[in-house]
Amino acid sequence: MAKEVTYSILLPTYNERENLPIIVWLIVKYMDQCGYNYEIIIIDDNSPDGTIEVAKQLQDIYGDNRIVLRPREKKLGLGTAYLHGLTHSRGSFIIIMDSDLSHHVRLTPAIPFLRCSQHTICADMAKSVFTISRICIHFWPKFIPQFIEKQSKTNSDVVTGTRYAGDGGVYGWDFRRKLISRGANYLTQVLLRPGVSDLTGSFRLYKRHVLEKLVESCVSKGYVFQMEMMVRANSLGFTVSEVPISFVDRVYGESKMGAMEIIQFARGLLYLFSTL
């Protein structure tokens, strides 16, 4: 009989072979220390860099009851990725987060990592066959337990991370990217009045039935999907709490935010303003 799962953590991936082993190791390490019942669902959109092969190795290490693989044939958008993961999840609460380490790190002195031709894994996962290299980053997981504690205390339908309240912040971005982010957030606050300080973030905890309702209601794709989720949560009367988070620019790989995503955001903002 399968063990009861309280928290399902959804990790949509596309070209994240280097980041995925680290974020999975961090989640497992911290969730195990806290004694939570959980599963990690990896939704890979046929990444050409071999992300799914790395995910299979992680499943061999941690077991298929802990690491659940639900790949798709091609890149189909963030909203459908969450719906796909939700369909295959068992948790009463669903946690969504980026798989590029943006939401799960603090920068401090170096720790050793293990590197092979496919991917990089933290030293504690060593079995052999790897050579050790050092990089000057120490990952300090902290925010998921804060989300869980916040939800437990407030019984909120949604707990969302905010970069723009309390001691939250953004690190590793240049002035231009910070200006674009701040400007986008200001426009959404003025036009949509969503009731949260950070509308474009993607680190959240949902009650399962709430996420199911929101996913059914949303029509946007890509990055706009996250924005629409919060706007609809507010319009449907769901309770939302915030936890300040540190957002750190990705360690490996390239950002998927480009000109097309900015245009998509502008179109989505206008759509939500005219229809909600």
Can you name every residue in segment 53-71 that is within 18 Å of the chain's Cα centre (by Cα) and open to solvent by 30 Å² or more (accessible area, probe 1.4 Å)?
-> Arg66, Arg70, Pro71
Tell me, please, whether a residue that is in contact (Cβ under 8 Å) with a residue 60 or more places away in the chain and closer than 22 Å to Glu228 by Cβ can be found in segment 50-63.
-> no
Unique residue being part of a helix (DSSP H, G or I) and either in contact with a Pro (Cβ under 9 Å, 6 or more places away or on another chain) or at pLDDT 90 or above (or both) when the list is Ile121, Ile148 = Ile148
In segment 200-234, residue most open to solvent (accessible area, probe 1.4 Å) [restricted to those that are closer than 21 Å to Ile144 by Cβ and assigned to a loop (DSSP other than H, G, I, E, B)] | Thr200
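Scan the helices (runs of 4 or more DSSP H) fully inside segment 6-91 and keep the ones with 3 or more residues being more than 25 Å from Gly201 (Cβ to Cβ).
Counting at least 3 such residues, we get 51-62.
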Out of segment 155-169, which residues are touching a helix residue (DSSP H, G or I) at 6+ places or on another chain (Cβ under 6 Å) and in a strand (DSSP E or B)?
-> Val158, Val159
State whether one or more residues within segment 173-185 are modelled with pLDDT of 80 or more and not in a helix (DSSP H, G or I).
-> no
Which residue pairs have Cβ atoms closer than 8 Å, lie 6 or more positions apart in sequence or on different chains, and pair a first residue in segment 208-225 that is of a type in the set (Val, Ile, Thr) with a second residue that is at pLDDT 90 or above and assigned to a loop (DSSP other than H, G, I, E, B)?
-> Val210/Asp157; Val210/Phe238
Number of positions in segment 153-172 that are out of contact with any strand residue (DSSP E or B) (no Cβ under 6 Å at 6 or more places or on another chain) and at pLDDT 95 or above = 2
In segment 186-199, which residues are in a helix (DSSP H, G or I) and in contact (Cβ under 8 Å) with a residue 12 or more places away in the chain?
-> Leu187, Thr188, Leu191, Leu192
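Looking at Val159, is it under 20 Å from Tyr38 (Cβ atoms) and surrounded by 14 or more Cβ atoms within 10 Å (Cβ to Cβ)?
Working: under 20 Å from Tyr38 (Cβ atoms): yes; surrounded by 14 or more Cβ atoms within 10 Å (Cβ to Cβ): yes.
Yes, satisfied.
Return the total of residues in segment 1-42 being open to solvent by 40 Å² or more (accessible area, probe 1.4 Å) and within 21 Å of Ser152 (Cα to Cα).
Number satisfying all stated conditions: 8.
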Could you tell me which of the residues Tyr30, Tyr38 is modelled with pLDDT of 95 or more and within 17 Å of the chain's Cα centre (by Cα)?
-> Tyr38
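The values are calculated or read from the model by the stated rules, or taken from the named source; none is laboratory data. The model shown is predicted, which means the values in this text are computed figures rather than measured ones. FYI the Cβ positions are ideal-geometry reconstructions off the backbone, even for glycines, and counts take in every protein chain you see. Note: areas computed on protein heavy atoms with side chains; ligands, DNA, RNA excluded. Shrake-Rupley method; radii C 1.70, N 1.55, O 1.52, S 1.80 Å.
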